[in-house]
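Student: Got a structure for you, written out below as structure tokens; questions coming shortly.
Only the coordinates and a few stated rules stand behind these numbers; no lab work does. Everything numeric here is computed off the predicted structure, so don't read it as measured data. Ideal geometry is used to build each Cβ from the backbone, glycine not excepted, and the neighbour counts take in all protein chains shown.
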Amino acid sequence: MLHYKNLNKLFFESVPQQATDFIALSGFLGPDPIKKLGELPFKSTIIYGLQKENRKFLLHQQLVGLHNENRKIFYPDIACHSKCYLWLNGNTPIKGLIGSANFSSNGLFNDYRETLLEVDENQLYVMKGYIEIILNSARECNTVEIKESEKVEETYDKAVCEMILYDPRTGQTHNGHGLNWGFADANVRPNDANIPIRMEHIRKYPKLFPILQPDPESRKGTLKEVIEFVWDDGVIMQGRLEGSQPLPNSDIKLPKQIASFPHKDELGIYIRERLNIPLGQRVLREDLVKYGRDTISVSIIEEGVYYLDFSV
């Protein structure tokens, strides 16, 4: 059976009940799905297939923090772009998936973008043998040394975008948008928030935000892109690129704002806690000035995983 929608449910809602172990071999990884594995009643082995070619210190820090006895993360010496997922009962494979979806929010939460195919029962041992070849060349992530020279956050081959948290037309924070989205006259919650994506950001950083794909189930709609945030203080948050704005003189549409997902107030609560202001209170420009900055630096760690810096 071929899957191309709701791929995340295959890993977190419809897993085999008799599974005692899960193995993920993925070219790229996102920390949020790995964190979610800790809520499941079996042991997990996660193999970061392309770590050898993608040695990013920030992501390494996150993975080491997630690594434990029940959720082990490995870096293989054999570079591998495959996406293979296998559930076992003891040493017996009972279900397998293979396809294009990385084990990341970007790979698992964006419908139609990726596919996963259920592996025939008579091929499960073949799949298990292949995964074991890669795993046998691997080391646990917390045993891998990152040299001091590799700790330079090399802007991830992209420039760092400074995204302002106020309305440049007024010099003040928005009344019902941005950090104060929860005060809009709409179906919102008090701490809902977003970070506006301005056309200036799109022009200066054309590779930072992906082009929105059309929704095949809606004539004019676009698919929202699910991503992950890694904050400067180590907090992991799932997010989504929302809204749409047309690229001038083009039929291309790009996202209009960054929000937390599935709860839009997760971002607003997080920012208010860092600003040390009460939840439900409107964020003012003076609150940002008092904190020490009125921008968030946004850059890419890898596809679908963004680094957000709100440090002073």
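Student: Report the full-extension gain for the segment residue 274 to residue 52: residue separation times 0.36 nm, less the Cα-Cα distance, to one decimal in nm.
Tutor: Numbers: separation 222, 0.36 × 222 = 79.92 nm, distance 3.48 nm.
This chain segment gains 76.4 nm when fully extended.
Student: Moving to a separate point now. Could you give P(r) for the chain, binned at 10 Å from zero, as whole percent values over all Cα-Cα pairs?
Tutor: All Cα pairs, binned at 10 Å, distribute as 6, 25, 32, 23, 12, 3, 0 percent.
Student: Still on this structure: Just list whichever of 35/224; 9/52; 36/290 have alpha carbons separated by over 31 Å in the model shown.
Tutor: Details: 35/224 22 Å; 9/52 29 Å; 36/290 35 Å.
Exceeds cut-off: 36/290.
Student: Another question, then. Taking the 0 to 90 degree range and rounding to the nearest ten, how far is the long axis of helix 124-135 tilted relative to the main principal axis of the chain, both from C-alpha atoms?
Tutor: On a 0 to 90 degree scale, this one is about 70.
Student: Average projected area of the Cα convex hull of segment 155-309, in nm²? Please list the in-between numbers first.
Tutor: Values: hull surface 38.8 nm².
Hull-based average projected area comes out at 9.7 nm².
Student: Work out, step by step, the length gained on full extension between residue 160 and residue 211: first 0.36 nm times the residue separation, then minus their alpha carbon distance; give nm to one decimal.
Tutor: Working: separation 51, 0.36 × 51 = 18.36 nm, distance 1.87 nm.
Full-extension gain reported as 16.5 nm.
Student: If r is the Cβ-Cβ distance from residue 200 to residue 6 and R0 is 35 Å, what FRET efficiency results, to the nearest 0.05? Mind dumping the intermediate values first?
Tutor: Working: r = 35 Å, r/R0 = 1.00.
Computed FRET efficiency for residue 200 and residue 6 comes out at 0.50.
Student: Oh, and also: Counting only residues 5 or more places away or on other chains, whose amide H sits under 5 Å from the amide H of residue 101 once H atoms are built in the peptide plane?
Tutor: 115
Student: Another one. Amide H neighbours of residue 173 under 5 Å, at least 5 residues apart or on other chains, H built in the peptide plane: list them.
Tutor: Amide H neighbours of residue 173: 167, 285.
Student: While we're on this one: Between 233, 294, 265, where does the largest GNM mean-square fluctuation fall for the chain, given springs only between Cα atoms within less than 10 Å?
Tutor: Per the Cα network of the chain with a 10 Å cutoff, 233 tops the list.
Student: Pull up all non-local amide H partners of residue 46: gap of 5 or more, or a different chain, and H-to-H distance under 5 Å with H placed in the peptide plane.
Tutor: 24, 72, 73, 74
Student: Please give every one of the aspartates and glutamates within straight-line cross-link reach of residue 253, meaning a C-alpha to C-alpha distance under 13 Å, and leave out same-chain neighbours fewer than 8 residues apart.
Tutor: Result set, ordered by chain and number: 215, 225, 242.
Student: Still on this structure, I have one more. Please find the FRET efficiency linking residue 20 to residue 282, where r is the Cβ-Cβ separation and R0 is fixed at 45 Å, and quote it to the nearest 0.05. Please report the intermediate quantities before stating the final value.
Tutor: On the way: r = 50 Å, r/R0 = 1.12.
FRET efficiency, residue 20 to residue 282: 0.35.
Student: Additional query: List the aspartates and glutamates whose Cα lies under 13 Å from the Cα of residue 207, skipping any in the same chain that are fewer than 8 positions away.
Tutor: Result set, ordered by chain and number: 157, 302, 303.
Student: Please arrange 173, 143 by counting, for each residue, the other beta carbons lying within 10 Å of its beta carbon, fewest first. Intermediate results must be reported in sequence, preceding the final value.
Tutor: Values: 173 21, 143 10.
By the 10 Å Cβ count, ascending, the order reads 143, 173.
Student: Relative to the present Cα-Cα distance, how much length would full extension add between residue 145 and residue 187 at 0.36 nm per residue of separation?
Tutor: Full extension from residue 145 to residue 187 adds 10.3 nm.
Student: Using 7 Å Cα-to-Cβ label points, what is the residue 232/residue 133 separation (nm, one decimal)?
Tutor: Result for the modelled spin labels: 4.5 nm.
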